[in-house]
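Everything below concerns the one structure shown next.
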There are 2 protein chains.
Amino acid sequence: MALIVQKYGGTSVGSVERIKNVAKRIAKTRAQGHDVVVVVSAMSGETNRLVALAHEIQAYPDPREMDVVLATGEQVTIGLLAMALQNIGVAAKSYTGWQVAVKTDCAHTKARIESIDDAKMRADLQDGRVVIVAGFQGISSHGDISTLGRGGSDTSAVALAAALKADECQIYTDVDGVYTTDPRVVPEARRMDTITFDEMLELASLGSKVLQIRSVEFAGKYKVRLRVLSSLQEGGEGTLITFEEDENMEQAIVSGIAFDKNQARINVRGVPDKPGIAYQILGAVADANIDVDMIIQNVGNEGTTDFSFTVPRGDYQPTLDLLGNLKNTIGADEISGDDNVCKVSIVGLGMRSHVGVASKMFRALAADNINIQMISTSEIKISVLIDEKYMELATRVLHKEFELDQTKERA
Amino acid sequence: MALIVQKYGGTSVGSVERIKNVAKRIAKTRAQGHDVVVVVSAMSGETNRLVALAHEIQAYPDPREMDVVLATGEQVTIGLLAMALQNIGVAAKSYTGWQVAVKTDCAHTKARIESIDDAKMRADLQDGRVVIVAGFQGISSHGDISTLGRGGSDTSAVALAAALKADECQIYTDVDGVYTTDPRVVPEARRMDTITFDEMLELASLGSKVLQIRSVEFAGKYKVRLRVLSSLQEGGEGTLITFEEDENMEQAIVSGIAFDKNQARINVRGVPDKPGIAYQILGAVADANIDVDMIIQNVGNEGTTDFSFTVPRGDYQPTLDLLGNLKNTIGADEISGDDNVCKVSIVGLGMRSHVGVASKMFRALAADNINIQMISTSEIKISVLIDEKYMELATRVLHKEFELDQTKERA
């Protein structure tokens with residue numbers, strides 16, 4: 001008998017019929033003798049409806065009040081799911097974020113979980129009940145309702161699993177696991193039986209939408225055994241995110257390929273090459289709350305230097321405007337940019353022990369005339385910035401080059 | 001400068017536009033220098049939507065979970081109204097029932113308020129904020145979300161006014177005050193400037209839907225100054241519910257007329273006339289959770305007696321079935337009934353000091369050939385049970401007979 005935390009997303013609970021199906025699936029897990037804690041999102045479409053209502057009232061809704069409104073979505077689902085379970089004879093009780101004391105900081109609409117009180121849940125499990133908890137929400141240190149940001153229900157599930165020391169945290173979603181890349185782009189993409197935590201973290205941060213990155217970070221921090229499964233089809237094993245790197249098993253050189261269109265490149269040319277210039281430019285961007293991703297600095301001519309960096313596409317024009325105003329202060333020759341770019345990344349634990357992975361990647365792209373604009377690397381990933389129109393092609397080319405379509409156990 | 005509690009019902013906050021209008025009205029009250037605590041209902045239609053969802057899942061939804069689902073309706077409105085106020089420059093903060101500790105008993109879906117903690121609200125008022133509280137909901141002694149039953153937001157408002165010792169509790173609704181009777185039935189019906197608490201209590205309990213009866217009881221218990229106003233048209237004074245009977249002012253003999261179609265008559269004929277027989281019959285009905293309203297007992301022939309009483313129309317058949325099963329036990333000759341009946345009542349404080357009010361009422365009904373089936377009286381009201389088809393006619397006849405259409409100040 002194990003303690004399992006199951007998380008069902010908005011699509012999985014998107015209708016009365018689907019809520020009833022989720023109840024049946026939970027009942028099956030109960031019937032296998034397991035204790036179950038369930039985390040649910042709002043019914044699909046509900047959060048968007050609430051956001052739209054708020055924006056009709058206020059152009060920039062007050063974050064505290066936004067959370068009051070948004071948190072209702074999950075609250076409806078927990079009550080309905082508890083009813084659906086009781087209806088098929090499974091004892092169940094629902095809790096909002098504040099009721100199980102999911103304590104967060106006060107950063108409304110993007111709060112971070114600080115602690116969870118497991119007393120109530122433990123008592124209910126002891127009494128043989130399924131415990132249902134509203135995902136995405138908590139209570140701030142001021143006693144206000146807080147929410148964790150889009151996709152926050154994944155984080156709620158992992159945090160609950162950590163607090164309860166659950167044996168496994170199962171994330172049910174509309175895909176049946178983690179794929180080598182998006183199957184909509186590469187039909188040959190394979191579902192992985194396992195993926196290491198480090199690889200998953202890179203994939204999540206590089207644009208893979210299967211798991212929210214904070215939930216993966218949380219799982220890593222508290223060593224939560226995490227599994228991604230399909231809520232639509234039954235019987236699959238999904239993908240298990242593992243911590244142990246099996247020494248006997250040769251690591252896959254490349255495990256997965258991620259891509260991300262939410263990119264724009266900014267160029268700052270001909271600034272005086274003196275200490276502090278990078279801070280002067282990037283500090284101003286950071287102060288405007290704009291996330292900088294890839295950064296490159298090149299030595300230019302006659303004591304000047306060139307900067308390039310990427311920002312989310314929505315921040316492209318604001319960043320250009322901001323630097324335009326700074327142009328004289330920093331003494332730049334030219335501010336320019338390009339918002340028709342994308343980032344394609346290969347991720348794999350095996351890269352650590354293999355040389356030549358980067359050159360293999362660059363050669364494959366060059367063979368198809370795909371020009372690389374920027375490169376960024378870490379121990380287990382290589383990202384390139386390329387023209388947006390080559391995104392699908394580059395992904396397919398790399399998927400083939402690293403033989404990700406071959407059915408083999410991480411060989 | 002006064003402290004005013006304002007309550008806006010579902011119709012008043014039924015759309016984004018209406019929520020913005022409510023915000024403007026609150027801003028006006030603030031601009032007059034008053035402190036304002038606002039209680040709101042769910043947007044009209046929302047509670048019905050949630051109830052329907054729950055019933056799709058479970059034929060008889062679990063009351064605890066029903067409250068979890070239902071309480072979201074008001075939670076959405078408080079957040080949106082706070083945004084609307086901030087949007088026009090009025091500082092405001094919203095609170096759910098549990099946040100201001102509206103403590104209730106554990107009778108889910110029909111909980112009763114036990115206490116309210118005013119500390120948070122007082123601090124916000126001190127800081128110059130408008131405080132917005134979700135009506136209809138509270139937190140049970142088990143820490144669960146509870147709701148007060150339909151119309152419970154009126155009760156929330158009055159309870160908050162009592163806890164805060166507010167100068168006035170204003171109930172904004174889709175009518176502009178309390179009328180002598182329903183204007184849809186009697187076009188000559190007049191809005192009353194004032195009505196006494198006792199009269200309002202009778203009218204509410206007799207079928208007038210302007211105020212929920214529990215809110216009136218609460219107002220009476222805690223001496224809350226209560227006013228009914230229109231949320232749709234501005235500038236009216238509405239109707240003030242007073243506690244002081246002005247000694248210098250002659251009481252109206254009849255202040256208002258209420259009617260109620262939710263009635264069915266049950267007859268139990270020829271039961272042995274012995275002590276305890278009333279309890280045997282009515283106790284069984286009460287045990288089935290059926291409310292008995294009017295009761296009549298007549299001496300019959302040869303040591304037998306006849307009972308008649310009224311129940312809500314939805315309980316008509318269950319009551320007949322119940323007594324049918326008991327017929328032999330209680331030794332009744334016949335169980336029969338009629339569910340095409342209604343109750344028409346006249347209410348007025350002046351009745352206490354005037355004789356002949358009842359005979360005047362009966363004469364007026366007789367003149368129009370309206371047969372009276374049952375009569376029930378209290379110090380300040382007389383109710384008659386009549387054939388349902390005469391309801392509107394009887395109301396009009398009595399409205400005219402007691403000169404309620406005359407514009408006069410309670411003369």
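Data overview
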| read-out | value |
| --- | --- |
| Search result, residues across the range B:100-151 that are open to solvent by 20 Å² or more (accessible area, probe 1.4 Å), in contact with a helix residue (DSSP H, G or I) (Cβ under 6 Å, 6 or more places away or on another chain) and hydroxyl-bearing (Ser, Thr, Tyr) | B:Thr109 |
| Enumeration of residues in the range A:197-247 that are open to solvent by less than 70 Å² (accessible area, probe 1.4 Å) and either part of a loop (DSSP other than H, G, I, E, B) or at positive phi (or both) | A:Leu206, A:Gly207, A:Ser208, A:Val210, A:Leu211, A:Gln212, A:Val224, A:Ser231, A:Gly236, A:Gly238, A:Phe243, A:Glu245 |
| Criterion violated by A:Leu81 - all others in (1) within 11 Å of another protein chain (Cβ to nearest Cβ); (2) closer than 20 Å to B:Met83 by Cβ; (3) open to solvent by less than 10 Å² (accessible area, probe 1.4 Å) satisfied | (2) |
| The one condition in (1) touching a Phe, Trp or Tyr at 6+ places or on another chain (Cβ under 8 Å); (2) open to solvent by less than 10 Å² (accessible area, probe 1.4 Å) that A:Lys7 fails to fulfil | (2) |
| Any hit, the range B:316-335, residues being in contact with a strand residue (DSSP E or B) (Cβ under 8 Å, 6 or more places away or on another chain), of a type in the set (S, T, N, Q) and open to solvent by 30 Å² or more (accessible area, probe 1.4 Å) | no |
| Among (1) away from chain B (no Cβ under 14 Å); (2) under 26 Å from the mean Cα position of the chain (by Cα); (3) aliphatic (A, V, I, L, M) - the single one A:Ala134 does not satisfy | (1) |
| Test set (1) open to solvent by less than 10 Å² (accessible area, probe 1.4 Å); (2) more than 12 Å from chain B (Cβ to nearest Cβ) - A:Thr29 fails condition number | (1) |
| Hey, B:Leu53 more than 20 Å from B:Ser156 (Cα to Cα), within 11 Å of chain A (Cβ to nearest Cβ) and touching a residue at least 40 places away in the same chain (Cβ under 8 Å) or not | no |
| Counted residues, the range A:10-40 - those being among the polar types (S, T, N, Q) and more than 17 Å from B:His55 (Cα to Cα) | 4 |
| Hits in the range A:154-196 (condition: of a type in the set (D, E, K, R) and open to solvent by less than 20 Å² (accessible area, probe 1.4 Å)) | A:Asp154 |
| Residue among A:Ile266, A:Ile277, A:Ile295 that alone is out of contact with any His (no Cβ under 6 Å at 6 or more places or on another chain), modelled with pLDDT of 90 or more and either open to solvent by 40 Å² or more (accessible area, probe 1.4 Å) or over 23 Å from A:Arg184 (Cα atoms) (or both) | A:Ile266 |
| Complete set of residues in the range B:1-46 that are touching a residue at least 40 places away in the same chain (Cβ under 8 Å) and touching a His at 6+ places or on another chain (Cβ under 8 Å) | B:Ala2, B:Leu3, B:Ile4 |
| Residue selected from the range B:32-44 under the condition under 12 Å from B:Thr77 (Cβ atoms) and modelled with pLDDT of 95 or more, by the criterion surrounded by the fewest Cβ atoms within 10 Å (Cβ to Cβ) | B:Met43 |
| From B:Ala82, B:Ala111, B:Ala71, residue being of a type in the set (A, V, I, L, M) and more than 26 Å from the chain's Cα centre (by Cα) | B:Ala82 |
| Residue check, B:Lys24 assigned to a helix (DSSP H, G or I), assigned by TED's automatic domain parsing to the domain that holds B:Arg129, open to solvent by 10 Å² or more (accessible area, probe 1.4 Å) and among the basic types (Lys, Arg) | yes |
| Test: residue in the range A:47-56 that is farther than 23 Å from A:Val216 by Cα, surrounded by fewer than 19 Cβ atoms within 10 Å (Cβ to Cβ) and among the basic types (Lys, Arg) | yes |
| Residue that is modelled with the lowest pLDDT, among those in the range B:367-411 that are hydrophobic (A, V, I, L, M, F, W, C) and open to solvent by 60 Å² or more (accessible area, probe 1.4 Å) | B:Ala411 |
| Selection from the range A:56-77 of residues that are closer than 18 Å to B:Leu50 by Cα and more than 7 Å from chain B (Cβ to nearest Cβ) | A:Leu70, A:Ala71, A:Gly73, A:Glu74, A:Thr77 |
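Okay, residues lined up against (1) assigned to a strand (DSSP E or B); (2) over 25 Å from the mean Cα position of the chain (by Cα):
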residue: A:Pro275; (1), (2): no, yes
residue: A:Tyr279; (1), (2): no, yes
residue: A:Ala286; (1), (2): no, no
residue: A:Asp293; (1), (2): no, no
residue: A:Asn301; (1), (2): no, yes
residue: A:Ser308; (1), (2): yes, yes
residue: A:Tyr316; (1), (2): no, no
residue: A:Leu323; (1), (2): no, yes
residue: A:Lys327; (1), (2): no, yes
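The values are calculated or read from the model by the stated rules, or taken from the named source; none is laboratory data. A quick note: this is a predicted structure, and the numbers were derived from the prediction, not measured. Note that each Cβ is placed from the backbone with ideal geometry, even for glycine, and that neighbours are counted across all protein chains shown. SASA here: full protein model, heavy atoms, side chains in, ligands and nucleic acids out. Shrake-Rupley method; radii C 1.70, N 1.55, O 1.52, S 1.80 Å.
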